[in-house]
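The values are calculated or read from the model by the stated rules, or taken from the named source; none is laboratory data. Note that the structure is predicted; figures quoted are calculated from it, not measured. Glycine also receives a Cβ, built like all others from the backbone with ideal geometry; neighbour counts cover every protein chain displayed.
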Amino acid sequence: MANPFSDFFDSFLKKQGDTVLGIDIGSSSIKVVQLRRKNGRALLETYGELALGPYAGKSIGEATNLAPEKIIEALGDLLKEKEVNITTHVCGMAVPFSASLMSVIELPAVPIKQLASMVPIEARKYIPVPISEVALDWSLIPKDNNPEDGDNEEKPKTDANGNPIPPKIEVLIVALHNDTISRYKDIVAKNSLDATFFEIEIFSTMRSILDQDTNPIMIVDIGATTTKLFIVERGILRSSHMINRGSQSITNSLSKSLGLSVDDAEIIKREKGMLGVANGIGIKDIITITLDYIFTEANHIVLAYQKKYNKNIKKIVLVGGGSALKGIVDVAKKNFQTEVVGGDPFSKVIAPAFLEKVLKETGPEFAVAVGVALRRLQELE
């Protein structure tokens, strides 16, 4: 999708040193967002998207598993697209959640220095390759001294014999395979980009759509082939899960049920959403089958979290390409007993008023790219 407003943005372009690019390489498309710093704020200069399906001989919207050289080619094509009008090579890049490993583990409550030596040893139980083959990071999840229910002070625990059990702490471990990092570095180098970091997509999304909310929030990221579920509390990632259903599942269901080609089914899905009619048949029920499955699985995660921590999820935020489906928020509201909203990453940047509607509609798709660009912009301060 080329940016139809490039002429407007031309008037804003300044020196490259103040301008940055956020890059999100997904399974079905590449998305870019270019921001510039202005009076301490982030100004939207341009944005764009390029479908990857055609690079694999597939339809637009279909997921791919492209070879690195094809991804390099596709990104290069998007960077050179005149209608998008990218003017900088200063960037950050997101890494798919599927290429990472995240887990929340429990460890004894010991000093940080001792914890630092324990984490790599304990992480071996969760990482299916040698620790030497990954870049490992971790962060301590602070104790919550103000649960919603019950006593504020945690009572000492004992085993079956009445002996005290040492207190535990939770630690988030994050690992990226060295081969993954090398692959992304090659993509950057072959396109003459200046990238200072490779960030797992969920952290980019959190930066672009979350405010200073201390309550537990679930982010539902509906991609082409998978849906990622993340629970965030006080700005900290507490839980992550993946469902093997996504927006492509909806397209395939429409294609089979309505006797349409995948291309035609994709067009109907994007243009009409839950409100569409094809061949005299309302498509809402067809789409709802997939959505109900995704939201039912998400509800299981919500209930498990509530049971474990005795806390309620206060909000569901929908992001990803699949969340741009017309009418999806209303369907989600019927499945969850809490507030449901579409992610609005462009609310974090300055943009022309006449773009408000289109940015609101397309925003959830660009949550990762906006978040990456915001981080890169912060590095210039």
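At a glance:
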{"item": "Pairs, first outside any helix (DSSP H, G or I) in segment 341-368, second surrounded by 15 or more Cβ atoms within 10 Å (Cβ to Cβ) and among the acidic types (Asp, Glu), C-beta under 9 Å, six or more apart", "result": "343/221"}
{"item": "Residue within segment 62-75 that is at positive phi, at pLDDT 85 or above and assigned to a loop (DSSP other than H, G, I, E, B) present", "result": "no"}
{"item": "Considering residues of segment 103-149 that are assigned to a loop (DSSP other than H, G, I, E, B) and of a type in the set (D, E, K, R) only, the residue modelled with the lowest pLDDT", "result": "149"}
{"item": "Failed condition for residue 286, given (1) surrounded by 19 or more Cβ atoms within 10 Å (Cβ to Cβ); (2) more than 25 Å from residue 208 (Cβ to Cβ); (3) within 22 Å of the chain's Cα centre (by Cα)", "result": "(3)"}
{"item": "Residue count, segment 4-53 (criterion: within 23 Å of residue 187 (Cα to Cα), modelled with pLDDT under 95 and part of a loop (DSSP other than H, G, I, E, B))", "result": "3"}
{"item": "Conditions (1) assigned to a loop (DSSP other than H, G, I, E, B); (2) β-branched (Val, Ile, Thr); (3) crowded, with 18+ Cβ neighbours inside 10 Å: number failed by residue 214", "result": "(3)"}
{"item": "Count of residues meeting criterion [of a type in the set (A, V, I, L, M, F, W, C) and over 14 Å from residue 202 (Cα atoms)] in segment 334-372", "result": "12"}
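To keep it simple, each residue is scored yes or no on (1) surrounded by 22 or more Cβ atoms within 10 Å (Cβ to Cβ); (2) in contact with a helix residue (DSSP H, G or I) (Cβ under 6 Å, 6 or more places away or on another chain); (3) not acidic (Asp, Glu).
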site: 334; (1), (2), (3): no, no, yes
site: 337; (1), (2), (3): no, no, yes
site: 350; (1), (2), (3): no, no, yes
site: 353; (1), (2), (3): no, no, yes
site: 361; (1), (2), (3): no, no, no
site: 365; (1), (2), (3): yes, yes, no
site: 369; (1), (2), (3): yes, no, yes
